[in-house]
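Chemist: Below: one structure in structure tokens.
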Amino acid sequence: MRQTDKKTCGQNVESLLKENEMLRQEVRVARQAGEITADLVAKQFEETDRILSLFQAANAQRKAVLDAATQVSIIAADPAGKITLFNSGAVNMLGYKPDEAVGHLSPLDLHLPGEIEDRCREYSLLGGGTIGGIELFAKYASEENPVEREWTYVKKDGSELPVSLSVTPIKGPRGELAGMLFVAMDLTRRKKAEQDILAAMKTASKYASIGKLTAGISHEIGNPLASISSLVQEIQEVKSPEFAQEALNIVNHHIERIVRIVRSLGDFTRLYSPEKIPSRLGEILESTLNLTRFDKRFKNIEIVKNIDFNGQMRINPDQMQQVFLNLTLNALDAMPDGGRLSIDVKDAWDSIVIIFGDTGCGMDREVADRIFDPFFTTKSPGKGTGLGMSICWGIISEHGGTISVESEKGIGSTFTVRLPKKG
Ligand SMILES: Nc1ncnc2c1ncn2[C@@H]1O[C@H](COP(=O)(O)OP(=O)(O)O)[C@@H](O)[C@H]1O
Ligand SMILES: [Mg+2]
């Protein structure tokens with residue numbers, strides 16, 4: 001072997017050994033890396049499994065919560081209005097199956113179209129700009145404090161259902177509106193309970209006023225009858241024609257009073273079955289005033305009428321005439337030396353307001369508090385029965401309205417009657 005060859009061979013071995021060493025090291029590093037990676041991958045798998053099972057548990061919990069709410073309808077929709085979730089409460093309430101609703105219906109399909117239009121109009125009236133359809137719910141959802149409101153849901157079978165509904169946002173990762181959540185409660189039972197309470201209150205107040213009335217009747221009719229009875233006995237015993245004449249005059253006076261009371265009672269008992277027909281208040285007022293035109297008390301009375309509403313209303317015209325008559329006659333009684341009677345009929349959104357104002361004697365608080373009680377009167381026995389105002393009160397209540405009085409002694413009185421337009 002030549003010298004050079006020997007040298008080269010030695011170098012080769014050396015570099016081979018170096019390379020070997022490097023390789024060995026790389027393998028060691030690679031093995032270590034492999035071990036670490038395998039470890040990591042295994043850990044990653046574990047973590048993913050854990051997250052997955054957490055997610056599945058959370059999802060099952062969410063579904064269980066949503067489905068447990070069988071009395072509350074929970075519906076989610078995307079911003080375009082496609083339903084993405086329909087819980088069992090919604091199924092119970094609306095009659096659709098989840099797969100009929102999810103992906104096929106919009107929340108708009110579950111509402112009365114007229115109601116959506118009304119609320120859109122209301123929204124733009126309140127300065128929210130012109131919007132329509134699903135935008136309305138998106139606006140409601142983005143409000144700071146979501147409010148619960150009454151709405152009408154329309155079921156699959158077309159029937160309607162009153163609900164209390166709140167719309168809240170479902171936010172995306174960057175806070176944007178990713179959907180809306182509609183949570184609704186059925187109000188049918190609450191509405192029914194409210195109606196029952198109202199009906200019970202109406203019946204109670206009817207019986208209360210009948211009770212008062214009966215107590216009043218026995219007093220009002222009992223006294224003159226007792227007096228008549230004793231006068232008749234005395235006429236039978238004493239033969240003086242003068243005494244008999246005078247006694248018969250008193251008997252006659254008492255009988256007239258009883259007749260008046262009994263006639264008014266007839267009006268009172270007819271109160272509770274009034275037939276209501278479309279009528280115009282202006283015409284009824286006119287015919288009432290015609291009835292009283294020839295009354296001599298009218299001589300010094302100025303009548304000022306302001307009738308701003310002459311539409312038709314569902315009322316009982318005879319009863320309403322009686323109200324106007326009682327109010328007019330009381331005003332005349334209050335102005336024996338003349339004065340002014342003003343009658344206003346005003347349109348007040350969902351009701352009509354009728355105001356009778358007089359410049360008569362007026363009354364103090366104690367009297368004003370009692371004028372709607374049956375048989376309450378400040379007039380002398382031959383003049384008043386004390387039934388006029390209680391009859392007015394009964395008639396107006398039966399029409400779903402109210403009657404109230406404001407008065408100042410020596411200045412005059414104002415009676416305000418409020419009648420709902422939807423009678
Ligand atoms: N316009 C009025 N001005 C002053 N007092 C009034 C007026 N209307 C009613 N009253 C008072 O209310 C009472 C009850 O009225 P009402 O029930 O019609 O019975 P009556 O007219 O028979 O007394 C009257 O006696 C009177 O004191
Ligand atoms: Mg009267």
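Chemist: Could you please rank L231, L40, L112, placing first whichever residue has the fewest other Cβ atoms within 10 Å of its Cβ?
Modeler: Ranking L231, L40, L112 by Cβ neighbours within 10 Å, fewest first, gives L40, L112, L231.
Chemist: In Å³ and rounded to a whole number, note down the convex hull volume per residue for the Cα atoms of the chain. The partial results should precede the final answer.
Modeler: Values: hull volume 113.9 nm³, N = 423.
Cα-based convex hull of the chain, divided per residue, equals 269 Å³.
Chemist: Here's a follow-up. Sequence gap at least 6, Cα distance under 8 Å: using those rules, report the relative contact order of segment 275-423 to the nearest whole percent.
Modeler: Taking the mean separation of contacting Cα pairs over the length of segment 275-423, I get 24 percent.
Chemist: Let me ask something additional. Can you find, among V102, L112, S380, the residue farthest towards the positive end of the dipole of the chain? Put +1 on the C-beta of Lys and Arg, -1 on that of Asp and Glu.
Modeler: Final value for the positive-end residue is V102.
Chemist: Here is a further query. Above 24 Å lies some portion of the pair distances; for segment 69-186, what is it as a whole percent of all C-alpha pairs?
Modeler: Within segment 69-186, distances greater than 24 Å cover 20 percent of Cα pairs.
Chemist: Among A77, P173, A138, flag the residue with its Cα farthest along the positive direction of the charge dipole of segment 69-186, charges on Cβ as +1 for Lys/Arg and -1 for Asp/Glu.
Modeler: My answer, from the dipole projection, is P173.
Chemist: Express in whole angstrom the spacing between the alpha-carbon centres of segment 326-385 and segment 6-70.
Modeler: The two parts, judged by their Cα centres, are 97 Å apart.
Chemist: Quick one: S413, S397, S380, fewest Cβ neighbours within 10 Å first, how do they rank? Intermediate results must be reported in sequence, preceding the final value.
Modeler: Details: S413 23, S397 17, S380 7.
Least crowded to most crowded, the residues run S380, S397, S413.
Chemist: Moving on. Evaluate the charge dipole of the chain about its Cα centre and quote only its size in Debye, nearest 20, assuming +1 on the Cβ of each Lys and Arg and -1 on the Cβ of each Asp and Glu.
Modeler: Here the chain has a charge dipole of around 500 debye.
Chemist: Only four residue types carry charge here, +1 at the Cβ of Lys and Arg and -1 at the Cβ of Asp and Glu. Report the dipole size of segment 69-186 about the Cα centre in Debye, rounded to the nearest 20.
Modeler: Approximately 280 debye in magnitude.
Chemist: Suppose we flag GluC sites (Glu not before Pro) only when DSSP calls them loop and at most 14 other Cβ atoms lie within 10 Å. Which is the longest uninterrupted stretch of the chain?
Modeler: The longest such stretch corresponds to 276-423.
Chemist: In the chain, which longest range has no chymotrypsin sites (Phe, Trp or Tyr not before Pro) that are both DSSP loop (not H, G, I, E or B) and surrounded by at most 14 other Cβ atoms within 10 Å?
Modeler: The segment 1-271 is the longest one with no such site.
Chemist: Taking amide H atoms as placed 1.01 Å from N in the peptide plane, list the residues 5 or more away in sequence, or in a different chain, whose amide H sits under 5 Å from that of G179.
Modeler: Residues meeting the criterion, in which the H sits 1.01 Å from N, are I170.
Chemist: For Cα pairs less than 8 Å apart in space and 6+ apart in sequence, what is the mean separation divided by the residue count of the chain, i.e. the relative contact order in percent?
Modeler: Here the relative contact order equals 9 percent.
Chemist: Could you tell me the relative contact order of segment 69-186? Use alpha-carbon pairs under 8 Å, at least six residues apart, and round to a whole percent.
Modeler: Numbers: 228 pairs, mean separation 32.9, N = 118.
Reported relative contact order: 28 percent.
Chemist: Something else now. Considering the dipole of the chain built from charges on the beta carbon (Lys and Arg +1, Asp and Glu -1) around the Cα centre, which of S218, N59, I371 is farthest to its positive end?
Modeler: Going by the charge dipole, the pick is N59.
Quick note: the coordinates plus some simple rules give every number you see, no bench work behind them. Just so we're clear, the structure is a prediction, and the values are computed from it rather than from any experiment. All Cβ positions, even for glycine, are placed from backbone atoms using ideal geometry, and neighbour counts span all protein chains on display.
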